[in-house]
Amino acid sequence: MHPGQFLLRLTPRHLLPESRLSDALAWQLPILTILICILALTGIGVYKSVRHSITERTNENLAAIAMLKTGQIEHWLAERRDDALLVTRSSTFSANLRHWLLNGAHDGAQKDSLLRHLQELSSIHHYRTISIYSASNGTQLLTVGGGHDDQAHDRSEVLKAAQAEAPVLDDLHFPPDVKPSQIELGYFVPFIDDRYGKALAVAYLVADPAKLLFPVLQQQASSSPSAETLLVRVEGDNLVYLNNLRHHPSSTLQFRMPRSTPGLLAAQAAEGKTGAIQGIDYRNVPSLGHALPVPGTPWLLITKIDEEEVYAHINKMALFSALVMTLSLLVGLRWFIEHTRNTARIERLSRLYAAISKTNQAMIHSQSPPEVYRAVCNACVELGGLRLAWVGIADPLSQRILPVEAAGEAVAYLDDIVISTNPALAEGQGPSGQSFREQRMQQCADFLADPATLPWHARAAECGVHCSVSLPLQQAGQSIGTLCVYGSEKNFFDREALEILGEMAGNISFFLDLFAQEMQRSAHASHLQQLSRRIVAVQEEERRRLVRELHDSTSPNLATIKLILKTIQPVLEAAPSAAEISPLEDVLALLEDTTQNIREICGELRPPLLDYAGLVHALDGYIRQFGQRTGIAVQFNARDITGQFSPEIESSLFRIVQEALTNCAKHARASQVDIELSRQGEQVALRIVDNGTGFAPDKLGEPGYPPGFGLLTMRERAEFIGGTFEIITPPGRGTTITVHLQASEHAPGQPAILESNCPNAQVAKQADY
Amino acid sequence: MKTRIVLADDHRMFRQALRAMLENEPGIEVVGEASDGIELLQVVQQTLPDVVCIDIGMPNLNGIEATRRLLALHPATKVIGLSAYNDRNFILDMLKAGAAAYVTKNEAGDELLRALKAVRLNRKYLCPDIADVVMGAMINTQEVKSGTVRLGARERQVLQMVAEGMTSTQIAENIHLAPSTIEVHRRNIMRKLNLHSVAELTKYAIRNGMTNA
């Protein structure tokens, strides 16, 4: 596999690092909860404190109002009493009255005068009635205004006032037989006769509280809808509300509540509680109040306001805040859930990405499809968090998809599993079979509910498999099998996960194609190598044969001719004059030259020494000949070479030296060449350094430069024997050729080369080429 | 008493030419011939010669091995290596096997006769080419050239003319030979003198008083 080729196909995101976002969630949830609690507690605290201060302020207001009203009532009562005193203390009136009384109360004119006086008083001070009672028996003597008639009550009160010689309050009451609106309040004030020192008569002034008192009470400092001032009096077990109640029109003196009503503001006041109180009002509505007794009366004044009204603002605020908070909380929670879900999704995706990345790595490094299948299954399970992943390859004979690799907790799912590629069978209708036939991904979001997966429901339920994805694996556009992955929950795979899985399957298919191509390529390469070995072997054999022919036949022929010429030389030389040089000498020179040429050709073609004594000796001989022929000083050094290498290596190294020296002589114009053959362990190095002109290797073959075949041949030879070839040629500074290879020596064997004229033996010996 | 010789070579024509040449020489008698190593051993067994000329490249049993076996059986026999090979390893192996002389086939004429004389006197002999190779092997340099360089009359003539600045064509016209033959002579001269250029040839000629140019 060529990593680069594969990497090209991989986008960078496949190499995302595996992230562990879900860890962050573990501490986010508690923190969020604590935050919410703190917020709620703070809210409650603030609410309570504000409510408290509002209560305080309300209480202060109520107290102020209560005090003000109490003062006003007191003032009004005092006025009434003073009015009565004014009547009784008026010396003229009282003298007239005494006089009238002492005269037996028969003087009509005097009575008229008295009545006129009383009438005046009544109209000035708006008294409903002013009457004068006898202090001794309580009978009515005089009266002005719409007087009423409650003889019994009036008499007892008159006598009480006469006896006490002090004004007696006639508390709020309804005069008998009068409409309820006619409520009244009076004072019995005795006329004290200074001379007798006892009460002469008792004046009774009846005021209408509705005219001044009640308006005063009902007057409110603010336009509060629930604030009101109550005047209450205890009557036995009941509490009587004296003034007109806001929510009970015409309730004056008629509305009663039992004293025992729990929490009732008035009841609390009746129990003697004064100041700020809290409870329910007459309507059973929770209220804040302030109670004060009205001095000089049995009355209890209570100012009150509904709690609801008091706290309306703050409650509204609190409600609003709570609403805002709840909303924020909901939004926050929603965000949190979304975030958690996203994080989980991202993590799942990143795990899948990690899996695909791992798979890709495996593809880059692995040598065979099974290795990749294993890596894919393991990556899906370990990194992708899947319950089961397996790769099945279709068997055309049995028409089945046979699992070849699997990983995951649920591998038992595959025991004796039957998955067919045949659409006619139930076992061929499953997602894997379909995916195989249709060459596309098949998802089963709910495995156990899918009728197509019926044949496998039992084992799926047993193995905890709830959804699956089957992906086709292709080679050269044909399905060859499937990759199937399983999740432990329904709908485990979302769109992105499916995309990643699809990509993964695509990559595997890509790898399979690549692998097939690679196999084909390497088969071709090895075939090529075999061919080139064959060519080299044949070439070497041809050369050997030619050399043998020259050696065995041509050279002896020449030697024979020379011998014969030498033998007949005296005969031939007898004829011409001694001064002339014999043509025989020219013939012999030709013979000599031919012999030498053949020797050189043999040396070039394949020196017999290479087979007979090995590389070092052959090189030695060749270099000697080369030096003689060209005049180039060649230094040859063989270090630590004692035995021989394989014939292949020996001839290749020999050819490389031969080629290099030929180049030196032909192109480099070198005068000195150093050749070193060394061995360290199994590392063999051949170095050829010349002091010639050097050349630019990339210009070889261009016009004006050597063709470069020699260089190519040298490199091929070096690679042919598994070595590396390196050439350094700085122009003008010589050339250094280095060949490195691994080779082991064997002890020099008994040479068989000299068995000439026996070609079969030669061929047999070279069979290992 | 004539020197009795056996010739061993797989090349029949060469054997015959050699035999013809040797039989022209007084005091030499070729008593047997063999075309391979095994046959040689049989012939020697039958004829018990004084000297055996053995080629190295022979079928069945090569010359080196044949020499070794032959001398094991007949230590008094003198062996002369007579081969086309002039590579050091062949020569040394032949000498190690016990050969008393080594002559290249190229020099099979006079040199072989010299070798025969030498071995008859119990001396070793190497023809000049071979001596060069062996000495070069011993002192490991290519510059060794034995002092026995002998140029022929024609070669001296050609060398002189080359040194005088004549081209091959001029020389050829001058001595009525084909230019290619002059080239052959030139090559032979350069080989023999181990020289590689006209300049070196001229220098050699002047140094040796062969020209007055």
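Of note:
- Taking only protein heavy atoms and a 1.4 Å probe, the accessible area of the range A:491-648 is 57% carbon and sulfur.
- Residues whose amide H falls under 5 Å from that of A:Lys198, counting only those 5 or more places apart or on a different chain, are A:Asp193, with hydrogens built in the peptide plane.
- Note that the range A:392-446, at 25 °C in a medium of 0.890 mPa s, gets a Stokes-Einstein diffusion coefficient of 208 µm²/s from its Kirkwood radius over C-alpha pairs.
- Amide hydrogen neighbours beyond the local backbone of A:Ser287, cut-off 5 Å, H modeled: A:Gly279, A:Ile280, A:Asp281, A:Glu307
- Phi angles of the range B:38-47 translate, via the Karplus equation with coefficients 6.51, -1.76, 1.60 and θ = phi - 60°, into HN-Hα couplings of 5, 4, 4, 4, 5, 4, 4, 4, 7, 9 Hz per residue; Gly and Pro are given as x.
- The sum of -39500 (n - 2.57) across all DSSP H runs of n ≥ 4, divided by the residue count of chain B, sets its helix-only mean residue ellipticity at 222 nm to -16000 deg cm²/dmol.
- Interface residues of the range B:153-177, defined as those with an accessible-area decrease of at least 40 Å² between the chain by itself and the complete set of protein chains (probe 1.4 Å), are B:Arg154.
- Over 27 Å between alpha carbons, listed pairs A:Lys48/A:Lys69; A:Lys69/A:Lys316; A:Lys211/A:Lys304; A:Lys562/B:Lys96; A:Lys111/A:Lys211: A:Lys48/A:Lys69; A:Lys69/A:Lys316; A:Lys562/B:Lys96; A:Lys111/A:Lys211
- With all pairs of separate Cα atoms included, the range B:50-97 yields a Kirkwood hydrodynamic radius of 10.7 Å.
- Stretch gain in nm, segment A:Gln478-A:Ser250, where the contour uses 0.36 nm per residue and the Cα spacing is subtracted: 71.9 nm
- Surface accessible to a 1.4 Å probe, per residue, for the residues of the protein assembly as shown, Å²: 48
- Calculated on the Cα set of the range A:300-411, radius of gyration then Dmax: 31.0, 111 Å.
- Computed Kirkwood radius, in angstrom, where 1/r is averaged over Cα pairs of the protein assembly as shown: 43.8
- Take each residue in B:62-72, count the other chain C-beta atoms within 10 Å of its C-beta, and the mean is 1.
- Our estimate of slack between A:His339 and A:Ser532, defined as 0.36 nm per intervening residue step minus the Cα-Cα distance, is 62.9 nm.
- The stretch between A:Met325 and A:Leu448 holds 39.9 nm of extra length on full extension. This uses 0.36 nm per residue minus the Cα-Cα distance.
- In the range B:1-22, burial by the other protein chains removes 30 Å² or more of 1.4 Å probe accessible surface, compared with the chain on its own, from B:Asp10, B:His11, B:Phe14, B:Ala17, B:Met21.
- Viscosity 0.692 mPa s, 37 °C: Kirkwood-radius Stokes-Einstein D of the range A:382-490 over Cα pairs, µm²/s: 243
- Spin-label model distance (nm) - A:Lys198 vs A:Leu572, 7 Å beyond Cα toward Cβ: 21.2
- Couplings for the range A:428-440, taken from phi via the Karplus curve 6.51 cos²θ - 1.76 cosθ + 1.60 with θ = phi - 60°, read x, 9, x, x, 5, x, 5, 4, 5, 6, 8, 6, 8 Hz in order; Gly and Pro are left as x.
- In order along the range A:711-726, phi translates into HN-Hα couplings of 5, 4, 4, 4, 4, 4, 4, 5, 6, 4, 9, x, x, 10, 10, 9 Hz, rounded to whole numbers, per the Karplus curve 6.51 cos²θ - 1.76 cosθ + 1.60 with θ = phi - 60° and x for Gly and Pro.
- Here the contact order of chain A, divided by its residue count and restricted to Cα pairs under 8 Å and six or more residues apart, works out to 7 percent.
- Value of relative contact order over chain B, rounded to a whole percent, pairs C-alpha under 8 Å and six or more apart: 12
- With the simple spin-label model, which puts each label point 7 Å out from Cα in the Cβ direction, the A:Thr274 to A:Arg459 separation comes to 9.7 nm.
- Proximal lysines relative to A:Lys160, as straight alpha-carbon distance under 16 Å, when same-chain residues fewer than 8 apart are discounted: A:Lys198
- Scattering curve values for the range B:1-52, log₁₀ I(q)/I(0), Debye with Cα scatterers, q = 0.14, 0.25, 0.32 Å⁻¹: -0.31, -0.92, -1.23
- Residue-normalised convex hull volume from the C-alpha trace of the range A:350-427: 101 Å³ per residue.
- Sorted on the mean count of surrounding Cβ atoms within 10 Å across their residues, most packed first, peptides B:3-9, A:190-196 read B:3-9, A:190-196.
- Eligible aspartates and glutamates near B:Lys124 by straight Cα distance, threshold 14 Å, same-chain separation 8 or greater: B:Glu111
- FRET efficiency for the A:Ala63 to A:His313 pair, using the beta carbon distance and R₀ = 22 Å, is estimated at 0.60.
- For chain B, with +1 on Lys and Arg beta carbons and -1 on Asp and Glu, the positive-most of B:Leu195, B:Met13, B:Met135 along the dipole: B:Met135
- In chain A, helices alone account for a calculated mean residue ellipticity at 222 nm of -16500 deg cm²/dmol, with every DSSP H run of four or more residues adding -39,500 (n - 2.57).
- Computed E for A:Gln439/A:Asp513 - FRET, C-beta separation, R0 22 angstrom, nearest 0.05: 0.95
- Unit Cα scatterers, Debye sum, the range A:164-316: log10 I(q)/I(0) for q = 0.11, 0.16, 0.17, 0.18 Å⁻¹: -0.50, -0.90, -0.99, -1.08
- Peptide B:79-87, shielding by other chains (average Cβ, 10 Å cutoff): 5
- Modelled spin-label separation between A:His740 and A:His75, with each label point placed 7 Å from Cα along the Cα-to-Cβ direction: 12.1 nm.
- Under-5 Å amide H pairs with A:Leu230, H placed in peptide plane, nonlocal only: A:Ile302, A:Thr303, A:Lys304
- Chains B and A together, accessible area buried on both sides, 1.4 angstrom probe, square angstrom: 4000
- The A:Gln218 and A:Arg283 beta-carbon pair, evaluated with R₀ = 22 Å, returns a calculated FRET efficiency of approximately 0.85.
- Within straight-line cross-link reach of A:Lys490, lysines at Cα separation under 29 Å, skipping those fewer than 8 residues along the same chain: A:Lys358
- With 10 Å bins beginning at zero, the pair-distance distribution over Cα atoms of chain B amounts to 8, 30, 26, 20, 13, 3, 0 %.
- Note on the range A:494-631: along the principal axes its Cα atoms extend 116, 29, 28 Å, ordered by decreasing extent.
- Values of log10 I(q)/I(0), in the order q = 0.18 Å⁻¹, for the range A:86-132 under a Debye, Cα-only, solvent-free model: -0.52
The values are calculated or read from the model by the stated rules, or taken from the named source; none is laboratory data. Predicted model, so just to flag it, every value in this text is computed and none were measured. No Cβ is skipped: glycine too gets one built from the backbone with ideal geometry, and neighbour counts run over all protein chains shown. Just the protein is used for accessible areas: all its heavy atoms, side chains included, with ligands, DNA and RNA removed. Shrake-Rupley method; radii C 1.70, N 1.55, O 1.52, S 1.80 Å.
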